[in-house]
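S.K.: Could you have a look at this structure, given as structure tokens, before my questions?
Just so it is clear, none of the values below were taken in a lab; they were calculated from the coordinates. Predicted model, so just to flag it, every value in this text is computed and none were measured. Glycine also receives a Cβ, built like all others from the backbone with ideal geometry; neighbour counts cover every protein chain displayed.
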Amino acid sequence: MANLRTAMDSAFWDQPISSPQTLDGSANSVPGDPFPLDAARASRALRIQQLALLGLGFPLGIIPSYSPSSQKELGSFSLQSLLLKPSTSFGWVGLVGQFRPKKLISEIKREFSNADELEVSVFRDAAKHFLDKSLYSIALCSQLSLDSSSLLWNTERHGDKKSHRHKLMLYQKLPDHDITLEAAWPQLFIDRKGGYWDVPESISLSLSSLASDSGLRYRFGIQKNSGHPQNVNAINGEAPAALMPGLCAKAAFSYEQSKDIWRQKETKKDLIVTTDKGQFWRPAYDVRLKEPHATISAIIGGTFATWFGGRESSMAVESQDSDISITTKKRSPLNADLFGSVCYTFQHGWFRKPFGDLTRFDARLDICSASGLAKRALNIFKSSSVSNAEKSMSSPRLNLILQQQVAGPIVFRVDSKFLLDSSSEKRGPHMEDIIYSLSYSLRLLRSGKIVAWYSPKRKEGMIELRLYEF
């Protein structure tokens, strides 16, 4: 089924979204925004672990990615590689490098085109362009594992930017819960429009329950933001209220259930293939896609949040990276809301044969804010006007996912999200976001795959290794 747990995770500050804007391969979603596409969620594997495994299948261990840079002459295309990764039994240290070739190629081409003769000085001047620091980015990553605890540290520097990025994460596993501490300065967030925001200092601590057979999950968290959000590339200059300075305590719960309409169970006989050379064991390329079925599932939950401090009202903030004036709205100190999703899944095929053995369709209806939807209905009944921002946040959204086997373990996938309402620019339901991806399932990992995705909305794309992403 489509990932229903995104509904509760979207209420917190540490939900990672895949992004090539950072060398650790992720940015956090803005809490309170509509639920992101399933294909947008970051891999469970660390980016440095992905590069270590992906590098085995790419020439010279170089993995391409695509994302706009702050300087247009640098281009969007970049190359990443794992330069170093010494390890011990209790931890490792890694060095990741990135190179943007467009500016270098343009400068070298200009040097040779302007030269009357190919002299030594021409080659010397062309070679100097390799020393341009803006072409390179580098990240130092480390992990320390002790029993049920894991400590991660990441520091990166982009050549086209002046400041460093630092991130610290601490994981603690308990019998029925997980504790996560995340601190970053600055922390990169991505809003529902695909715009990026840097929060100068962000610290979050959360306690979450593990998935249970009953379907009940809950989570508690504390978040502290310091400094005003800086606009990285967002079109709208108004920073999201959830990113403004202050301390927030939040609790959330959810109840999830699913029911098979029909399902063809896999048997041992199905896994054995008889040929002229004998019998062979042939499991599905992905154990999560091994049975044809039709399923309906649903999740319902609620959140409660309280803010301490930082309740600014109508004050102007000058962005450090641009001349955009940001106006912050008044933020309510107390907030409670309900959310829910219902999903229908249909799968044809066992995903074992080389061709025509997988067609899968997911349709999920999301209600991100029940109070906003009720308020919207009341305003319509009273013939009151509603702002476009309130319309967008309260309107239901329909997520459609189509997966089709191309050949063997290769699957083409389209994730799309439709806003079931009208805006000032568009009338009626319209597409809000879409991501295209092509994946290669790794049978030896049971449910692992190499995914190449592209987002037309963000004009970004990258190659990832994903494990058990359902």
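S.K.: Going by average Cβ neighbours within 10 Å, how do the peptides 125-135, 401-411 rank, with the highest at the top? Mind showing how you got there, number by number?
M.R.: Details: 125-135: 13.7, 401-411: 17.2.
Packing proxy ranking, top to bottom: 401-411, 125-135.
S.K.: Hey, what do the phi angles of region 60-65 turn into as Karplus ³J(HN,Hα) couplings, whole Hz, using 6.51/-1.76/1.60 and θ = phi - 60°, x for Gly and Pro?
M.R.: Result, ordered by residue: 6, x, 9, 10, x, 8 Hz.
S.K.: How much space per residue, in cubic angstrom, does the convex hull of the C-alpha atoms of region 103-216 take up?
M.R.: Hull volume normalised by residue count: 181 Å³.
S.K.: Scan (i) 71, 55, 47; (ii) 99, 69, 61; (iii) 77, 75, 51 for the value of Cα extents along the principal axes in Å calculated from this model and give just the label.
M.R.: (iii)
S.K.: Can you give me the relative contact order of region 67-175 as a percent, contacts being Cα pairs under 8 Å and 6 or more apart? Kindly include the intermediate steps, with their values, before the conclusion.
M.R.: Values: 190 pairs, mean separation 24.1, N = 109.
About 22 percent, as a whole number.
S.K.: Could you give me the ³J(HN,Hα) list for region 345-352, computed from phi with Karplus coefficients 6.51, -1.76, 1.60 and θ = phi - 60°, whole Hz, x at Gly and Pro?
M.R.: 10, 10, 10, 10, x, 9, 6, 10
S.K.: Still on this structure: So what's the net charge close to Leu140: Lys and Arg +1, Asp and Glu -1, counting the other residues with Cβ under 14 Å from its Cβ?
M.R.: +3
S.K.: For the residue pair Asp116 and Leu378, what label-to-label distance in nm results when each label sits 7 Å from Cα along the Cα-to-beta-carbon direction?
M.R.: Label at Asp116, label at Leu378, 8.1 nm between them.
S.K.: Which aspartates and glutamates, on any chain, are close to Lys193 with Cα under 13 Å apart, when same-chain ones fewer than 8 places away are left out?
M.R.: Asp33, Glu238, Glu432, Asp433
S.K.: Given an 8 Å cut-off on Cα distances and at least 6 residues of separation, report the relative contact order of the chain as a percent.
M.R.: 13 percent
S.K.: Just to be sure I understand the model, the point goes 7 Å from the Cα along the line to the Cβ. What's the resulting Leu168 to Thr306 distance in nm?
M.R.: In this crude spin-label approximation the distance works out to 2.8 nm.
S.K.: Something else about it: Could you sort out which of Lys259/Lys290; Lys162/Lys459; Lys173/Lys290; Lys268/Lys290 sit more than 22 Å apart by Cα distance in this structure?
M.R.: Lys162/Lys459; Lys173/Lys290
S.K.: Same structure, new question: At a Cα cut-off below 18 Å, give the lysines reachable from Lys161, other chains included and same-chain residues fewer than 8 away excluded.
M.R.: Reachable lysines: Lys72, Lys102, Lys103, Lys133.
S.K.: HN-Hα J couplings of region 263-269 from phi, Karplus 6.51/-1.76/1.60, θ = phi - 60°, integer Hz, Gly and Pro as x?
M.R.: Using θ = phi - 60°, the values come out as 7, 9, 5, 6, 10, 4, 4 Hz.
S.K.: Provide the convex hull volume over Cα atoms per residue for region 428-470, in Å³.
M.R.: It is 79 Å³ per residue.
S.K.: Under a Cβ-Cβ cut-off of 13 Å, what is the net charge of the residues other than Ser76 that fall near it, where Lys and Arg count +1 and Asp and Glu count -1?
M.R.: Result for the local shell: +3.
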